[in-house]
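The next block holds one structure in the form of structure tokens; read it before the comments.
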Number of protein chains: 2
Amino acid sequence: MDVGTLVEQARAGRPRAVARLISLVESAAPELREVMAALAPLTGNAYVVGLTGSPGVGKSTSTSALVSAYRRLGRRVGVLAVDPSSPFSGGALLGDRVRMQDHATDPGVYIRSMATRGHLGGLAWAAPQAIRVLDAAGCDVVLVETVGVGQSEVEIAAQADTTVVLLAPGMGDGIQAAKAGILEIGDVYVVNKADRDGADATARELRHMLGLGETRAWQPPIVKTVAARNEGIDELVDALEKHRIWMGEHGELTLRRQRRASQEIESIALTALRRRFDHLHGDQRLPALAQKVADGQSDPYTAADELIAGITQL
Amino acid sequence: MDVGTLVEQARAGRPRAVARLISLVESAAPELREVMAALAPLTGNAYVVGLTGSPGVGKSTSTSALVSAYRRLGRRVGVLAVDPSSPFSGGALLGDRVRMQDHATDPGVYIRSMATRGHLGGLAWAAPQAIRVLDAAGCDVVLVETVGVGQSEVEIAAQADTTVVLLAPGMGDGIQAAKAGILEIGDVYVVNKADRDGADATARELRHMLGLGETRAWQPPIVKTVAARNEGIDELVDALEKHRIWMGEHGELTLRRQRRASQEIESIALTALRRRFDHLHGDQRLPALAQKVADGQSDPYTAADELIAGITQL
């Protein structure tokens, strides 16, 4: 099937076409460039929400509850579950994400899991392109959920219009929060499992820590939810809408999307340049330089200069 | 003080000169290139051992015990404690690494903590250069210890001649191990806290999992230690020496060091190219391209092509 037909079918809401397009971009298939060029004029409509937080805070449950809430509002929803520690991708491999199956038969919901481990350039490379596919396929909202921890959280924040940071009571999240730098990335904070002991204390501690920094133009709200019982989810959707409107009024949405595009372009360009390094003079230039550095005949900076001189002459 | 004098003093074992050199490379000071060029002919002697493992396995205690063991053998030892989650660097900020203070007054030991969070290019960029300084300063052994978890573990392995993976009984490390990919990176495995329940089970499970893969030229040994009581440390040093000798005999040491130099050169070259992107046409080209992509007038691949065309004309 040609790319044009695939894109047309994806626009019409055919899940198989969407799946095929994501697989194409994920596998860096030869058609990738053609796909991206065909999608470009169709993008820019989806509101991209990133959900992040430590394991056990209820990211998957919250994502599922958000899907239901947006569906009640008549929105088409895409879900991208990104697992940086897994080598497995695909719609069928959602692991223990049972709750998501509530939406499996809803044609207004597209759910995709995506592995980034081992990916060339990791998350920075693969996720934005999948978001682009979901956007072009007509999703009004794309929820990007990280499965796992660490650096990826910060990267997800860079991909989203709005970043939701989830916490749960009594997980020692206060200290964790400061460490992982989540206090800098959240636009909206959620204290999930708010029916548990310590929820108020967690919210209070969080509010205190958020207040410590310099005054912000946008003061991130803290929403208490019990996602498993659907409590507080409408309030979360309200908070997201407020942030979205605020971003629109303050030029922040444009700014974030430009920054995102900028990083994406840079990442693709660097990958292409790295490929040029590898191919340089039949794979011989870089190993020869490395040998000289390993032997102490040259230093890495001088060698890097020579490498750059090599590719810019190509 | 000029770079030549600093290098000379570092060679003579003056810790202040070593500290100053590492600070220079860490801060990407203007003298960086001069420093690297001056160090190049003095490098290649140190045996670089990476120590990695989950928090709580006793990395710091094991590192300290290894320092003592190598000192008894008359070797000069450098320790680089890399914390990817911390923005703080410097010899004074070793946090709770109290055990390291045993060596604070030993002129044959140089200890340095290094933060990589927020660093341009992270660990890949900063650590190899600090290792280079310690190598040139005459350290026979450089122990590189990661404080923290995640991707950095794999990166550390790429910097070391020999990678030691530490585990402890009953930490659920079995599953963790497979997940973090540590079964692929270890040259020597340590089950520390071997006086605890479950040490034999952990070693057995590890041996089983290591045996599952294809046959390896080097079969990684598993050493049981109680680092806090100095038990098994001589055996660990023996295992390291065996791996070092094996690598020398099989050309593996040369290969790894070349690979290391290659990655280092590439990383520096990519950083330099990224800087060119930023400076391109007075900071205007990339934002303009990003705007076009964000507006759907172009796609990221076409934009990346234009970006590359721009820098290769410089």
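Of note:
- Averaged over the residues of peptide A:254-264, the number of Cβ atoms from other protein chains lying within 10 Å of each residue's Cβ is 6.
- Sulfur and carbon atoms: percent of accessible area, region B:264-312 [1.4 Å]: 47
- Short-range pairs are left out: with C-alpha atoms under 8 Å and at least six residues apart, the relative contact order of region B:264-312 is 35 percent.
- Number of partner chain Cβ atoms within 10 Å, mean per residue of A:38-44: 4
- In this assembly, the A-B interface accounts for approximately 4400 Å² of buried accessible surface in total, computed with a 1.4 Å probe and without ligands, DNA or RNA.
- Interchain or long-range residues, amide H under 5 Å from B:Val190's placed H: B:Val165, B:Leu166, B:Leu167, B:Val223
- Lysines with Cα under 29 Å of A:Lys292, excluding same-chain neighbours fewer than 8 positions away: B:Lys242
- Computed from the C-beta positions of B:Glu184 and A:Thr254, the FRET efficiency with R₀ = 51 Å rounds to 0.75.
- Estimated FRET transfer efficiency (B:Ser23, A:Trp246; beta-carbon r; R0 45 Å; 0.05): 0.60
- A straight line joining the Cα centroids of region A:1-56 and region B:284-307 runs 18 Å.
The values are calculated or read from the model by the stated rules, or taken from the named source; none is laboratory data. These numbers come from a predicted model, not from an experiment. Cβ sites come from the backbone with ideal geometry, for glycine too, and all protein chains shown count toward neighbours. Side chains are part of the model used for accessible areas, which takes the heavy atoms of the whole protein and leaves out ligands, DNA and RNA. Shrake-Rupley method; radii C 1.70, N 1.55, O 1.52, S 1.80 Å.
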